[in-house]
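Please read the structure below before turning to the comments.
The values are calculated or read from the model by the stated rules, or taken from the named source; none is laboratory data. In this text, all values refer to a predicted model and were calculated from it rather than measured experimentally. When we count neighbours, we look across all protein chains shown, and the Cβ atoms used for this are built from the backbone with ideal geometry, even at glycine.
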């Protein structure tokens, strides 16, 4: 195993332990998070309840009446000693995305701030291979890294009006896809007709941590057509093994 700095063990209340591997959004750090997550899910220690991976840490929820903090840390340390680099079965997804007005409602504003043209924003975004670092905030919402440096824009000082489900947004140096209508401080540069969360699917959550996402540009007519197919229950994103 490649040498790494020792993780920090932090308490999150009386029934959760955070194993923190670093301070930044970095693929190597996230690989360690996902490797430990996979190991614990494959052989969960008695008394553990849930494992929640993030960019740089893994939160372990546990029952303190069945396993204490010191015992849990000892188990995690033993796992880390023999842990290989993460080689999970990540998926490469291609998601259709319409950047046309009115779906790319903030593209011109973001382009002005970044000193780019609308076409340059779209080109840079569709050329990127974005990594799913973590899921959270709302069911099916993912946080994507790997967007090109020229597209890294700060979040708004105040939230914008609610965007639509499927909005593809940039902000804080990251990209995200909104599964539901909600206000946000990010910039909506397009929209995908695919459903990130669908309770009627066998796997309700489309994307998982460790996956890669590419965006394929489509026009408004294609969006409306694919949107109806998605509403009818069809998965319109394409996938292949990483």
Have a look at 153, 122, 170 and point out the one that is under 26 Å from residue 31 (Cα atoms), in contact (Cβ under 8 Å) with a residue 40 or more places away in the chain, more than 16 Å from the chain's Cα centre (by Cα) and crowded, with 20+ Cβ neighbours inside 10 Å.
-> 153
Scope segment 8-23; condition over 20 Å from residue 82 (Cα atoms) and either assigned to a strand (DSSP E or B) or out of contact with any strand residue (DSSP E or B) (no Cβ under 8 Å at 6 or more places or on another chain) (or both); matching residues | 10, 11, 13, 14, 16, 17, 23
Meets criteria (within 19 Å of the chain's Cα centre (by Cα) and under 20 Å from residue 144 (Cα atoms)) for residue 217 | no
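Residue by residue, here is whether (1) touching a residue at least 40 places away in the same chain (Cβ under 8 Å); (2) surrounded by 12 or more Cβ atoms within 10 Å (Cβ to Cβ); (3) closer than 30 Å to residue 218 by Cα holds:
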{"site": "9", "(1), (2), (3)": "yes, yes, no"}
{"site": "69", "(1), (2), (3)": "yes, yes, no"}
{"site": "82", "(1), (2), (3)": "yes, no, no"}
{"site": "117", "(1), (2), (3)": "no, yes, yes"}
Among the residues of segment 140-155, is there at least one that is within 22 Å of residue 197 (Cβ to Cβ), outside any loop (DSSP other than H, G, I, E, B) and in contact with a helix residue (DSSP H, G or I) (Cβ under 7 Å, 6 or more places away or on another chain)?
-> no
3 or more residues at pLDDT below 95: qualifying helices (runs of 4 or more DSSP H) within segment 24-122 | 27-42, 69-81
Scan of segment 173-193 for residues that are assigned to a strand (DSSP E or B) and surrounded by 18 or more Cβ atoms within 10 Å (Cβ to Cβ), ordered by number = 174, 175, 176, 177, 184, 187, 188, 189, 190, 191
